[in-house]
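*Asks:* Structure in structure tokens, see below.
The values are calculated or read from the model by the stated rules, or taken from the named source; none is laboratory data. No experiment lies behind these values; they were computed from the predicted model shown. So basically every Cβ, Gly included, is an ideal-geometry build from the backbone, and we count neighbours across all protein chains shown.
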Amino acid sequence: MFKKILIANRGEIACRVMRTAKKMGIATVAVYSDADARAPHVEMADEAVHLGPPPAAESYLLADKIIQAAKDTGAEAIHPGYGFLSERESFANACAEAGIVFIGPPPNAIAAMGDKIESKKLAKEAGVNVVPGHVGEIDDTEHAVKISNEIGYPVMMKASAGGGGKGMRLAWSEKDVREGFEATKREGLASFGDDRVFIEKFIEQPRHIEIQVIGDQHGNIVYLGERECSIQRRHQKVVEEAPSPFVTPEMRKKMGEQAVALARAVGYFSAGTVELIVSGADKTGEGFYFLEMNTRLQVEHPVTENITGVDLVEQMIRVANGEKLPFTQDDITLTGWSIENRVYAEDPYRGFLPSIGRLVRYNPPQEEGEGLKRPVRVDDGVAEGGEVSMFYDPMIAKLVTYGETREEAMDLQIAALDRFEIEGLGHNIDFLSALMQHERFRSGEITTNFIAEEYPDGFQGAPADETLTKRLAAIAGFAATAHADRARRVSGQLGDRLRPPGEWMIRIGDTDHDVTVDIEDVSVDGEAMQLALAYAPGDRMVEAEFGGEPLSVMIGNARYGLKLTTRGASHSAQIFPKHYAHLVQHMIEKEPPDLSKMLICPMPGLITAVHVKEGEKVEAGQPLATVEAMKMENILRAEKEGIVSTIAAEEGASLAADDVIMEFE
């Protein structure tokens with residue numbers, strides 16, 4: 001077995017690989033950029049080698065420097081993680097030439113599957129179902145329009161070397177193709193150094209399901225069940241689960257056997273994933289089609305580990321060392337249910353725009369259990385005080401739960417998300433909790449259109465029913481009494497002999513609640529609450545029980561009261577002593593500034609194009625400017641007609657969130 005390996009990656013996946021390596025008794029080497037000098041993966045490794053400045057092109061993508069680092073530290077093998085160099089044939093070849101083992105598939109398999117156009121041809125030859133489309137290079141926009149018209153709308157335009165949701169555009173009409181083809185090419189070039197694009201039929205009511213395969217260098221290849229990855233936003237996965245609530249045992253067998261046939265056709269070994277698009281309307285078990293094969297470890301691999309008990313990173317290392325798989329297809333059984341939520345640095349309340357900045361507070365829920373099949377698992381590579389920068393993927397952590405049933409796994413997610421503390425930047429924890437509570441998600445009737453269909457006007461927080469609202473009012477009343485009691489005990493305030501007020505009017509949303517707190521109980525609107533909790537002023541988290549039902553609530557200060565965050569939303573609880581609550585109606589509310597005549601930059605980013613000129617009349621829906629953030633292009637459009645009076649930002653300008661791009665008359 002290897003004595004030392006280098007992990008050519010960063011963040012949570014670098015930490016994940018190191019954990020297994022250490023369990024196997026293998027020393028580890030980290031590499032890092034200036035931005036990651038104090039990152040957890042650097043601290044976790046036995047040795048660390050500096051690569052260069054923050055941009056990936058000047059650090060994590062420098063194959064020569066990484067190979068030299070392996071040589072200098074005596075690392076016998078390199079694990080690439082995912083992203084960066086993980087699917088580059090040239091890097092695998094360079095490792096071989098340097099006498100270093102690449103912990104991944106052979107270079108020829110990476111090359112065959114890395115090109116989406118060629119991989120579809122190979123899949124078809126191997127007997128794998130493929131999506132109708134054009135599997136060849138496209139010359140220009142006119143050629144793209146001609147192909148799209150022949151296939152029939154809707155169509156999907158994809159960068160040939162793409163992945164991770166980047167370089168993809170859905171076109172419902174010829175207009176969409178003309179507007180999006182060049183943008184797709186640019187995104188492919190910016191993210192992957194390859195501007196080739198292919199076009200295929202878009203499957204309606206689609207589900208995204210993938211098959212995990214693993215093979216050794218002795219011809220043994222098995223599939224480890226499927227993962228449901230249909231909950232996506234902008235074609236980027238948000239929630240993954242295993243198994244799929246849609247796939248039957250018969251369908252699983254057909255999908256798995258086709259995935260193994262494809263892997264065998266390209267001489268595959270190591271871990272890999274065959275991604276499929278599945279028609280949710282097809283109940284025959286035949287309506288699945290090959291999308292692509294990812295020749296690396298997937299972000300969502302933990303859910304497969306949970307239901308199979310197979311440590312995929314350990315098997316990748318053992319396979320790279322020449323060992324045989326310790327199991328056959330007949331040995332693989334799927335037990336229980338696992339769900340993974342991706343915690344992103346993005347603001348769901350502002351259209352999921354990227355959010356960068358310092359993690360002023362980072363306190364994930366405590367992991368529960370031991371081994372792979374543990375109820376709560378957090379894979380991360382950040383720490384409190386660290387920074388989520390514009391240079392890398394915005395994922396902060398992966399929250400993984402495991403239960404005997406799907407319902408149990410979902411409920412574990414809700415409870416764990418309530419205890420996940422992040423401050424300093426925007427995050428999607430509320431949104432993830434809302435998904436886990438959503439009736440349609442819980443039913444399993446999901447497609448890749450789920451988010452667009454269920455949140456057409458954006459996300460405004462998970463709705464709270466009357467029971468939850470009253471429970472929050474009870475907690476707010478208890479906290480208000482505790483704060484008043486502390487004030488009583490401080491010299492010069494209420495006085496030692498005065499009892500703190502225990503009667504409150506608490507406004508949550510548009511509803512006022514009468515809350516009474518005394519020594520023994522709490523009542524809301526005359527109803528006694530069976531509340532058990534411990535709270536002291538300054539606590540950030542309240543662990544309450546209502547009649548034995550647990551509820552975790554994050555608590556913070558807000559205008560006129562407290563901010564209570566739980567179950568996928570933040571609630572402002574305005575708190576007033578009951579004896580003057582009737583005066584609240586006379587308080588004047590501050591009006592927000594009028595921004596309707598300005599185009600505001602919605603996120604930190606680079607202005608790549610300004611599509612209008614000063615004095616130009618614009619119509620609703622017309623493109624005004626394009627902002628690139630985290631290698632994704634975002635077209636900002638006019639909300640209504642008007643005349644451009646001033647353009648404040650030029651092409652090439654780097655802007656912060658809320659900077660003014662242009663103003664209108």
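*Asks:* Does Glu275 qualify as being over 28 Å from the mean Cα position of the chain (by Cα) and not aliphatic (A, V, I, L, M)?
*Replies:* Against the criterion (over 28 Å from the mean Cα position of the chain (by Cα) and not aliphatic (A, V, I, L, M)), Glu275 does not qualify.
*Asks:* Determine whether region 427-445 contains at least one residue that is under 28 Å from Asp36 (Cα atoms), crowded, with 20+ Cβ neighbours inside 10 Å and in contact with a Ser or Thr (Cβ under 8 Å, 6 or more places away or on another chain).
*Replies:* Within region 427-445, one or more residues are under 28 Å from Asp36 (Cα atoms), crowded, with 20+ Cβ neighbours inside 10 Å and in contact with a Ser or Thr (Cβ under 8 Å, 6 or more places away or on another chain).
*Asks:* It is to be established whether one or more residues within region 634-641 are in contact with a strand residue (DSSP E or B) (Cβ under 7 Å, 6 or more places away or on another chain) and over 23 Å from Pro348 (Cβ atoms).
*Replies:* yes
*Asks:* Which residue pairs have Cβ atoms closer than 7 Å, lie 6 or more positions apart in sequence or on different chains, and pair a first residue in region 466-480 that is in the same structural domain as Arg567 (by TED's automatic domain parsing) with a second residue that is surrounded by fewer than 24 Cβ atoms within 10 Å (Cβ to Cβ) and aromatic (Phe, Trp, Tyr)?
*Replies:* Every condition considered, the pairs that remain are Arg471/Phe546; Phe478/Tyr535; Ala479/Tyr535.
*Asks:* For region 276-287, does any single residue satisfy the condition of being closer than 30 Å to Glu187 by Cβ, acidic (Asp, Glu), in the same structural domain as Leu334 (by TED's automatic domain parsing) and touching a helix residue (DSSP H, G or I) at 6+ places or on another chain (Cβ under 9 Å)?
*Replies:* No; the residues of region 276-287 include none that is closer than 30 Å to Glu187 by Cβ, acidic (Asp, Glu), in the same structural domain as Leu334 (by TED's automatic domain parsing) and touching a helix residue (DSSP H, G or I) at 6+ places or on another chain (Cβ under 9 Å).
*Asks:* Moving on. Residues that are under 31 Å from the mean Cα position of the chain (by Cα): find the strands (runs of 3 or more DSSP E) completely inside region 577-665 holding 2 or more of those.
*Replies:* Fully inside region 577-665 and qualifying: 598-600, 605-610, 623-629, 632-637, 660-664.
*Asks:* Then there's this: When you look at Glu314, is it of a type outside the set (Gly, Ala, Ser) and surrounded by fewer than 22 Cβ atoms within 10 Å (Cβ to Cβ), yes or no?
*Replies:* Yes, satisfied.
*Asks:* If a residue has to be in contact with a Ser or Thr (Cβ under 9 Å, 6 or more places away or on another chain) and surrounded by 15 or more Cβ atoms within 10 Å (Cβ to Cβ) to count, how many in region 612-634 make the cut?
*Replies:* 8
*Asks:* Does any residue of region 207-219 turn out to be surrounded by fewer than 17 Cβ atoms within 10 Å (Cβ to Cβ), in the same structural domain as Ser279 (by TED's automatic domain parsing) and touching a Leu at 6+ places or on another chain (Cβ under 9 Å)?
*Replies:* Yes.
*Asks:* Of the residues that sit in region 382-416 and are of a type in the set (S, T, N, Q) and modelled with pLDDT of 95 or more, which one is farthest from Ala544 (Cα to Cα)?
*Replies:* Filtering first and then ranking leaves Thr405.
*Asks:* For region 256-293, how many residues are under 19 Å from Thr448 (Cα atoms) and either modelled with pLDDT of 95 or more or of a type outside the set (Ser, Thr, Tyr) (or both)?
*Replies:* 18
*Asks:* Are any residues in region 44-72 closer than 14 Å to Gly99 by Cα and touching a residue at least 60 places away in the same chain (Cβ under 8 Å), and if so, which ones?
*Replies:* Matches in region 44-72: Ile66, Ala69, Ala70.
*Asks:* Could you count how many residues in region 153-209 are part of a helix (DSSP H, G or I) and either without any contact (Cβ under 8 Å) to a residue 60 or more places away in the chain or under 19 Å from Glu142 (Cβ atoms) (or both)?
*Replies:* Going through region 153-209 one residue at a time, the tally reaches 16.
*Asks:* Somewhere in region 327-345, is a residue touching a Gly at 6+ places or on another chain (Cβ under 8 Å), in the same structural domain as Gln298 (by TED's automatic domain parsing) and among the acidic types (Asp, Glu)?
*Replies:* No; the residues of region 327-345 include none that is touching a Gly at 6+ places or on another chain (Cβ under 8 Å), in the same structural domain as Gln298 (by TED's automatic domain parsing) and among the acidic types (Asp, Glu).
*Asks:* Could you say whether any residue in region 110-121 is assigned to a loop (DSSP other than H, G, I, E, B), modelled with pLDDT under 95, surrounded by fewer than 20 Cβ atoms within 10 Å (Cβ to Cβ) and outside the structural domain of Val177 (by TED's automatic domain parsing)? Don't jump to the end; show me each part of the working.
*Replies:* Residues of region 110-121 assigned to a loop (DSSP other than H, G, I, E, B): 115.
If we keep only those that are modelled with pLDDT under 95 too, we end up with 115.
Within this subset, residues satisfying the condition of being surrounded by fewer than 20 Cβ atoms within 10 Å (Cβ to Cβ) are 115.
Now restrict to residues that are outside the structural domain of Val177 (by TED's automatic domain parsing): 115.
The answer is yes, given that some residue of region 110-121 is assigned to a loop (DSSP other than H, G, I, E, B), modelled with pLDDT under 95, surrounded by fewer than 20 Cβ atoms within 10 Å (Cβ to Cβ) and outside the structural domain of Val177 (by TED's automatic domain parsing).
*Asks:* Say whether the condition of being in the same structural domain as Arg350 (by TED's automatic domain parsing) and over 17 Å from the mean Cα position of the chain (by Cα) is met by at least one residue in region 388-398.
*Replies:* Scanning region 388-398, I find no residue that is in the same structural domain as Arg350 (by TED's automatic domain parsing) and over 17 Å from the mean Cα position of the chain (by Cα), so the answer is no.
*Asks:* Would you point out the residue of region 284-307, among those that are crowded, with 21+ Cβ neighbours inside 10 Å and of a type in the set (S, T, N, Q), that is nearest to Glu12 (Cα to Cα)?
*Replies:* Gln298
*Asks:* Of everything in region 523-536 that's surrounded by 12 or more Cβ atoms within 10 Å (Cβ to Cβ) and in a loop (DSSP other than H, G, I, E, B), which residue is modelled with the highest pLDDT?
*Replies:* Once the filter is applied, the top-ranked residue is Asp525.
*Asks:* Next question, about the same structure. If you take just the helices (runs of 4 or more DSSP H) that sit entirely in region 341-454, which of them hold at least 1 residues that are touching a Phe, Trp or Tyr at 6+ places or on another chain (Cβ under 9 Å) and more than 19 Å from Thr566 (Cβ to Cβ)?
*Replies:* Because the criterion is at least 1 residues that are touching a Phe, Trp or Tyr at 6+ places or on another chain (Cβ under 9 Å) and more than 19 Å from Thr566 (Cβ to Cβ), the helices (runs of 4 or more DSSP H) in region 341-454 that meet it are 406-418, 439-443, 450-454.
*Asks:* Do we have Val128 as part of a helix (DSSP H, G or I), hydrophobic (A, V, I, L, M, F, W, C) and either out of contact with any His (no Cβ under 6 Å at 6 or more places or on another chain) or surrounded by fewer than 19 Cβ atoms within 10 Å (Cβ to Cβ) (or both) here?
*Replies:* no
*Asks:* Another question, then. Among the residues of region 499-508, are any within 19 Å of Pro537 (Cα to Cα) and at pLDDT below 70? Steps first, please.
*Replies:* So the first thing to find is which residues in region 499-508 are within 19 Å of Pro537 (Cα to Cα), and the list is 499-504, 506.
Within this subset, residues satisfying the condition of being at pLDDT below 70 are 499-500.
Yes, region 499-508 has at least one match.
*Asks:* Moving to a separate point now. Specify which of the listed residues (Val515, Val553, Val542) is β-branched (Val, Ile, Thr), surrounded by 12 or more Cβ atoms within 10 Å (Cβ to Cβ) and closer than 12 Å to Lys470 by Cα.
*Replies:* Answer to the selection: Val515.
*Asks:* Is it the case that some residue within region 623-632 is of a type outside the set (Ser, Thr, Tyr), touching a helix residue (DSSP H, G or I) at 6+ places or on another chain (Cβ under 6 Å) and either over 19 Å from Tyr349 (Cα atoms) or without any contact (Cβ under 8 Å) to a residue 60 or more places away in the chain (or both)?
*Replies:* Yes.
*Asks:* Given the criteria outside the structural domain of Pro302 (by TED's automatic domain parsing), at pLDDT 90 or above and aliphatic (A, V, I, L, M), does Ala171 qualify?
*Replies:* yes
*Asks:* Going by what's in this entry, would Ala37 be described as surrounded by fewer than 20 Cβ atoms within 10 Å (Cβ to Cβ) and farther than 22 Å from Arg88 by Cβ?
*Replies:* yes
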